[in-house]
Amino acid sequence: MFNGKSSRDWELFRGNEQLSGYTSTLLPEKPELLWSYKAQSRTVSSPVVLDGVTYWSDRRGKVLGVDLSGEQVFNYNLNMLVEATPMIRDSVLYVGTIEGRMVALSLTKCDTLWTFETWGQISASPNHVDFEGRDAIVFGSYDNYLYSIDQHDGKPISQFESGYYLNGAVALWDKYVIFGGCDQWIRVINCETGIQTDSLLLDAYIPCSPAIDGNHVYVGDYSGNIYELQMRKDGIAKSQKLLEATDDDGDNVSVPAIDDNQLYVFTGSRYLTAVDRNSGNVKWRQMLKGNVGESSPVVCRDKVIACTKTGIISIFRAKDGELLWEYDAGEDIVGSPAIIKDHFLILTVRGTLLCFGNKR
């Protein structure tokens, strides 16, 4: 299971390239709100963190950075509409825009390094792939293409045309990326060549990203089915519905979170459900206070943290689902939490960054 790069970093959506939503970092035992920073500008981004500084972009394209004391230390205006969560790699922030541009922004120089243009909006976070020493940024666009471009200069490496626009982030498996589309297909792509090596048609379209642990891929479709795919050398060895949608489920747009034994998913728009990865049995199910919206849970070793669109932040014990802590942010939340040592950070749609930890 992936444990992260640094205790003060959360550099991309879901915490790692596999989008597993897992970290070995422990949550604070008795979390309290340490401070809040009000940007007064709306966003649908999740926060990303480098060396204790939290970054995000508002919808108008302003990139902000706030340190662990709650002070703003970075401010840059892209002058482009943004909805996507950024990614940080080697002190460069990569963010897609509604105008269809992928922008590389140096956090040390506070300047744009390069811009890559597509023909459709970019709504999801990019990911990183290493091709035997060549670093690539991989992302999808509403122009139906998956792009792989050089991290350092933004020049194209390969592209793959899918059947429909790409809404979710891609997840990394070995040297391949896996993603779902609004055409109901989940695809396995060699990003160095742009060649599809396998695909699988699901029951409904796939608005969210897959999550990966080892050779196991978990992904949900819009109707609420959760699938498990077992991977082989360059494709899908077998697949099954791990959790079948019921009449109460549907409108699933969140990414599963994975630990060694269980899968944690939002179901029925109001529930956090833990599923045994071996048997497929539901281990526990907790009703949340409000619709979950577009947020996704995160597993922090022995606890699970979840946010609702209505602003309720909850921490549950992973083994049995017991509610351990709850906080009402008073503002809508659609992003996922960022977890670093002794802190967790959550961004509301109004642009309020909340920092929780143990008060000294």
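Read the figures in this text as sums done on the coordinates, not as results from a lab. Given the structure is predicted, the values throughout are model-derived calculations rather than measurements. Because the Cβ atoms are built from the backbone with ideal geometry, glycine has one as well, and the counts that use them run over all protein chains shown.
Counting only lysines at least 8 places from Lys283 when in the same chain, those with an alpha carbon closer than 26 Å to its own are Lys30, Lys238, Lys241, Lys303, Lys309, Lys319. The relative contact order of the stretch 210-320, computed from alpha carbon pairs under 8 Å that lie at least 6 residues apart in sequence, is 17 percent.
Partner aspartates and glutamates whose Cα lies under 15 Å from the Cα of Lys359, excluding those fewer than 8 positions away in the same chain, are identified as Glu29, Glu32, Asp342.
When a footprinting reagent is the concern and you count Cβ atoms within 10 Å, what order do Thr197, Thr352 take, fewest first? Please list the in-between numbers first.
Working: Thr197 14, Thr352 19.
So the residues, fewest neighbours to most, are Thr197, Thr352.
Structural descriptor for the chain: relative contact order 16 percent, calculated from alpha carbon pairs under 8 angstrom and at least 6 residues apart. Taking 0.36 nm per residue of sequence separation and removing the Cα-Cα distance, the Val282/Lys155 pair yields an extension gain of 41.1 nm. At the listed q of 0.06, 0.12, 0.15 Å⁻¹, the Debye profile of the chain, built from one uniform point per Cα, gives log10 I(q)/I(0) equal to -0.19, -0.80, -1.31.
For the stretch 243-355, just say rounded, prolate or oblate: build the C-alpha gyration tensor, square-root its eigenvalues into a ≥ b ≥ c, call rounded for a/c under 1.5, and beyond that prolate if a/b exceeds b/c, oblate if not. Before the final figure, lay out the partial values.
On the way: a/c = 1.98, a/b = 1.33, b/c = 1.49.
Oblate.
Ranked by how many other Cβ atoms sit within 10 Å of their own Cβ, fewest first, the residues Phe316, Phe266 fall in the order Phe316, Phe266. With θ taken as phi - 60° and the Karplus curve 6.51 cos²θ - 1.76 cosθ + 1.60 applied, the whole-hertz 3J(HN,Hα) list for the stretch 178-193 is 10, 8, x, x, 6, 9, 6, 8, 9, 10, 10, 10, 7, 6, 5, 9 Hz, x standing for glycine and proline.
Taking amide H as placed 1.01 Å from N in the peptide plane, Asp135 has its amide H under 5 Å from the amide H of Gln151, each at least 5 places away in sequence or on another chain.
Before anything else, pin down the relative contact order of the stretch 101-169: Cα pairs under 8 Å, at least 6 apart, normalised by residue count, whole percent. If you can, show how the numbers build up before the last one.
On the way: 149 pairs, mean separation 17.8, N = 69.
Reported as a whole number, the value is 26 percent.
List Tyr205, Tyr55 from most exposed to least, where exposure is judged by having the fewest other Cβ atoms within 10 Å. List each step's numbers first, then the result.
Working: Tyr205 16, Tyr55 26.
So the ranking, lowest neighbour count to highest, is Tyr205, Tyr55.
What the phi angles of the stretch 264-270 give under the Karplus curve with 6.51, -1.76 and 1.60, with θ = phi - 60°, is a coupling list of 10, 9, 7, 10, x, 6, 9 Hz, glycine and proline written as x. Can you pull out the GluC sites (Glu not before Pro) in the stretch 1-92 whose DSSP state is coil and whose Cβ has at most 13 other Cβ atoms within 10 Å? Answer in residue order: Glu29, Glu71.
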